[in-house]
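Below is one structure, written out as structure tokens; the observations come after it.
Values in this text are rule-based calculations from the coordinates and carry no lab data. In this text the structure is predicted, and so the values were computed from the model without any measurement. Here the Cβ positions follow ideal geometry from the backbone for every residue, glycine too, while neighbour counts run over all protein chains shown.
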Amino acid sequence: MDDLAALRLQIEWGADEALEEAPVVRVLVAPPPPPPNPLPRGEAEQASGAARTQTPSERAIQAAAAANTLDELRSAIAAFDGCTLRDTASHLVFAQGHPDANLLLIGDPPGPDEDRSGTPFAGTAGDYLDRMLASISLSRAQLLLTPLIPWRPPGDRPPNAAELTLCLPFLHRLIALAGPRRLLVMGPLAARSLLPQTASRRRQRGAWLDIAIPGLPRPVPALPTFSAAELMRSPKDRRAAWADLRLLRRTLDADATSA
């Protein structure tokens, strides 16, 4: 049978389209076109290889170091996809307050109120903190306030060691960019994460301790104390917390006199 006869036979049988040698799946979406102006093959392979070899911790350090302002740091944290806490949190909780304050207050990881509002030290614990500050003639407008990490852990569990390792470079960069004269470290988790490991438990309260911060030429004095949430749960600790607040007030007054 020649080709013309075969074609006539197919028409008589009702064939109305030509068939390919291989089946075509027409329901699949065509792949997107390649991006314009792609990198040369050697450069593309080099960039891809570098991205594969960097750990999330290295990426966090690099992203934090590249930020030169607090706004750039906030954007870098929001864009960082190496920490799974970002995927479960409702909002990023970044530092708020006076950007040039001499005192930076660092507290617990965000809780439900902070996660909903994106504001550090929100809710009833935040109200209690405001009363603590007012007792020594301070307000939020005079300070810079930030949580230890920028995202709420699911179920309000404590962040694990890996999550702290990923988030601490951003906190260190925040301290370096803000350049506060002193730190107030509230809560045991913040104290364990920031204070030197050589400090004894007895010395981790009621005294200023120096913290070395990457990017700063000299250590920053830090005063560890109780968090507002701790004091709401444990009234017996309020006397010791009041002593810490009085020490903070005396130190700030002395700094103002010597400035």
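The table for this structure:
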{"read-out": "Theoretical FRET efficiency, 1/(1+(r/R0)^6), r = Cβ-Cβ of T251 and R131, R0 22 Å, to 0.05", "value": "0.60"}
{"read-out": "Extension gain, L92 back to R181 (0.36 nm per residue minus Cα-Cα distance, nm)", "value": "29.5 nm"}
{"read-out": "FRET E, pair E72, A212, Förster distance 22 Å, beta-carbon r, rounded to 0.05", "value": "0.40"}
{"read-out": "Amide H contacts under 5 Å for I213, placed H, 5+ residues apart", "value": "V220"}
{"read-out": "Kirkwood-based Rg to Rh ratio, segment 78-221, C-alpha trace", "value": "0.94"}
